[in-house]
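Below is one structure, written out as structure tokens; comments come after it.
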Amino acid sequence: MFKMFMQGGLLSMSILTVLLVAVFFAAWKAPRWVKEIGSFALVFGLMTPLFSLYQLFSTLQQVALDRGEGVNGLFDLISPGVLFGVNVILIPIIYGMMIYLISLVVRIVQKPRL
């Protein structure tokens, strides 16, 4: 579990963990904020991999240009190891979705019965 946390990116996973704690704190002190905090965790979990992908492709493009191959040589640089390593990018997305689902469950439990 700790390995996945570190692979997901220390900064982004730490922020998502703070949001998870904030969901439980809000359930106790500010129930109206539970869904909003969960939604923010979902959006943050979806945005973090986009920055990682942007950085990955920018680096690959720079390496291709430095080699003098141009952008057309970009696909020759991508090894299967890089493609299979992209699954690490999914970790913050999954964690953000789990926080969102937890916020929805907390919200359902808190709703007054009819």
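Assorted remarks:
- The stretch 96-107 - phi-based ³J(HN,Hα) in whole Hz, Karplus 6.51/-1.76/1.60, Gly and Pro as x: x, 5, 5, 5, 4, 5, 4, 5, 5, 5, 4, 5
- Label point distance in nm, MET6-ILE108, each placed 7 Å from Cα along Cα→Cβ: 3.6 nm
- Solvent-accessible heavy-atom area per residue, rounded to whole Å², over the stretch 1-43 at 1.4 Å: 70 Å²
- Remark: the stretch 37-45, residue by residue, has Karplus-estimated 3J(HN,Hα) of 5, x, 5, 5, 5, 5, 5, 5, x Hz, where x stands for each Gly or Pro and the curve is 6.51 cos²θ - 1.76 cosθ + 1.60 at θ = phi - 60°.
- Accessible surface for LEU90 stands near 90 Å², nearest 10, in the context of the full protein assembly shown (1.4 Å probe).
- Projected area, mean over directions - the stretch 1-50, Cα convex hull, nm²: 3.5 nm²
- Packing rank of 28-34, 101-107, where each peptide gets the mean count of other beta carbons within 10 Å, highest leading: 101-107, 28-34
- Stretching GLN61 away from TRP33 to a fully extended chain increases their span by 5.9 nm, per 0.36 nm per residue minus the current alpha-carbon distance.
The values are calculated or read from the model by the stated rules, or taken from the named source; none is laboratory data. Given the structure is predicted, the values throughout are model-derived calculations rather than measurements. Note: ideal-geometry Cβ built from the backbone for every residue, glycine included; neighbour counts use all protein chains shown. Surface areas here come from the heavy atoms of the whole protein model, side chains and all, with no ligands, DNA or RNA. Shrake-Rupley method; radii C 1.70, N 1.55, O 1.52, S 1.80 Å.
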